[in-house]
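> Dropping a structure here in structure tokens format, bear with me for questions.
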Amino acid sequence: MRKLCLVCVVSIVILSSCGRERDKIAQSKTESKIVFRDEVRLKTTPVKNQGSSSLCWVYAMLATIETEHLMLGDSVNLSADYIARCFISEQAARRLLSNNESNTTTRGMAGMAIDLLETNGLHHYDAYHLKQTVDYGVLCRKIDCITTAPARNNFNQRMDAVNELLDKSIGFLPRKVFFRSAIYTPYEFARSVCRKDEYLGLTSFTHHPFGERFAIELPDNYFHNTFLNIPLDSMMMIVENSLRAGHPVCWEGDVSEPGFSFAKGIAILPKGTKCNQTTRQKAFENKSTTDDHCMSIIGLARDANGTKYFICKNSWGESNPYGGFMYLSHDYVKLKTIALYVQSNQIGFRM
């Protein structure tokens with residue numbers, strides 16, 4: 001089995017699309033910096049770094065929940081590694097029980113983080129996060145080795161081997177969450193920071209009727225999460241109104257465009273690009289808009305010309321001119337958004 005695992009680890013190399021820009025940031029501190037005037041800037045926890053993993057969807061959703069609490073006067077800092085571990089463990093169990101041939105992955109969509117914390121609970125960042133560098137891609141391939149090796153043990157024994165590997169790689173799971181002089185189970189803590197149905201998934205595409213929910217046809221939508229389909233102008237208005245009311249928005253979209261640069265801290269479209277419902281739909285259908293990355297939108301700003309931008313908290317570390325934050329132009333978000341998560345009871349929105 002050890003030989004099999006070694007072959008699995010060294011023979012496969014997987015590149016994470018949601019982290020492709022991070023390889024280019026060594027010189028980012030020297031990049032020219034555009035001066036923005038922030039109109040709205042919500043509170044955030046410190047910028048984190050997802051490393052080589054594809055866990056942007058977890059970091060973005062948890063960052064959105066953290067900012068929501070900060071704006072209410074509460075302070076929480078949540079563990080992305082706990083959610084990642086739960087997701088990997090669920091995949092291992094499913095594979096052992098159903099002979100599922102899919103490879104273990106850390107890819108996903110932001111709504112999956114909510115599903116996972118509802119079923120597995122949650123931990124505080126200080127209690128459970130990586131204290132050493134771990135390559136999640138390698139870890140997933142080691143899990144694959146355990147779950148695909150010829151069965152010599154029963155299900156429980158093989159899951160024990162999975163959990164032992166996760167303990168060694170990520171860390172041992174605390175049984176309780178100690179937070180502000182109170183003791184919670186992971187489930188109790190999760191419910192204290194995110195209510196059931198607190199967030200609503202939104203999108204805007206014309207291949208499904210407006211006003212109805214549908215599961216976006218994307219490989220990373222493993223849980224088949226559904227999104228309320230609304231007109232584009234309504235979607236953009238909801239994002240801006242939400243921010244002005246003090247609520248962050250979890251954003252999922254395309255960062256593979258030439259105008260997206262983490263090194264410069266900005267994302268813009270080429271001059272003259274049309275941004276409307278028709279061009280947006282065409283870009284999705286011809287796959288020039290792809291589902292690459294997730295971030296938390298935490299503010300609004302304008303450049304010297306008055307052009308509107310959305311401020312996003314990223315999860316690639318602090319090494320860019322804005323300390324790890326990104327400024328996405330209004331048109332960029334309008335054209336390149338795949339999906340959003342907003343507070344379901346936000347001001348100005350009705351189902």
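Read-outs: derived from the displayed coordinates by stated rules, not from any lab. Quantities reported herein were computed from a predicted structural model and do not represent experimental measurements. Don't worry about glycine lacking a Cβ; one is built from the backbone with ideal geometry, like all the others, and counts go over all protein chains shown.
> Ranking SER98, SER319, SER296, SER204 by Cβ neighbours within 10 Å, fewest first, what do you get? Intermediate values should be presented prior to the final figure.
Values: SER98 9, SER319 17, SER296 28, SER204 25.
Taking fewest neighbouring Cβ atoms as first place, the list is SER98, SER319, SER204, SER296.
> Could you work out how far apart the two model spin labels at SER234 and ASP167 are, taking each label as a point 7 Å from the Cα in the direction of the beta carbon, and quote it in nm?
Roughly 5.1 nm, to one decimal.
> Starting from 0.36 nm per residue, how many nanometres of slack lie between GLU118 and SER192 once their C-alpha separation is accounted for?
Details: separation 74, 0.36 × 74 = 26.64 nm, distance 1.10 nm.
Going from the current span to full extension adds 25.5 nm.
> Could you point to the residue in ALA182, THR307, LEU166 farthest towards the positive end of the chain's charge dipole, with +1 and -1 charges on the Cβ of Lys/Arg and Asp/Glu respectively?
LEU166
> OK, next. With N denoting the number of residues in the stretch 119-264, provide Rg(C-alpha) divided by 2.2 N^0.38 Å, to two decimal places. Don't skip to the end; give the middle numbers.
Working: Rg = 20.6 Å, N = 146, 2.2 N^0.38 = 14.6 Å.
This ratio for the stretch 119-264 stands at 1.41.
> Going by how many other beta carbons lie within 10 Å of each one, how would you line up THR44, THR226, THR278, fewest first?
Values: THR44 20, THR226 15, THR278 10.
Listing THR44, THR226, THR278 from fewest to most nearby Cβ atoms yields THR278, THR226, THR44.
> Cα axis of helix 136-148 to longest principal axis of the chain: angle in degrees, 0 to 90, nearest 10?
40
> Please arrange TRP251, TRP57, TRP316 by counting, for each residue, the other beta carbons lying within 10 Å of its beta carbon, fewest first. Intermediate values should be presented prior to the final figure.
Working: TRP251 26, TRP57 29, TRP316 23.
Least to most surrounded, the residues fall as TRP316, TRP251, TRP57.
> Could you pull out which residues in the stretch 190-230 have an amide N less than 11 Å from a spot 7 Å beyond the Cα of GLU90, following the Cα-Cβ vector?
222-225
> At 1.567 mPa s and 4 °C, plugging the Kirkwood radius over alpha-carbon pairs of the chain into Stokes-Einstein gives what diffusion coefficient in µm²/s? Please report the intermediate quantities before stating the final value.
Numbers: Rh = 21.1 Å.
Calculated translational D: 62 µm²/s.
> If you line up the long axis of helix 2-11 against the longest principal axis of the chain, both from Cα atoms, how many degrees apart are they, to the nearest 10?
Once rounded, one gets 20 degrees.
> What is the chain's relative contact order, in percent, from Cα pairs under 8 angstrom and six or more apart in sequence?
Details: 662 pairs, mean separation 91.5, N = 351.
The value is 26 percent.
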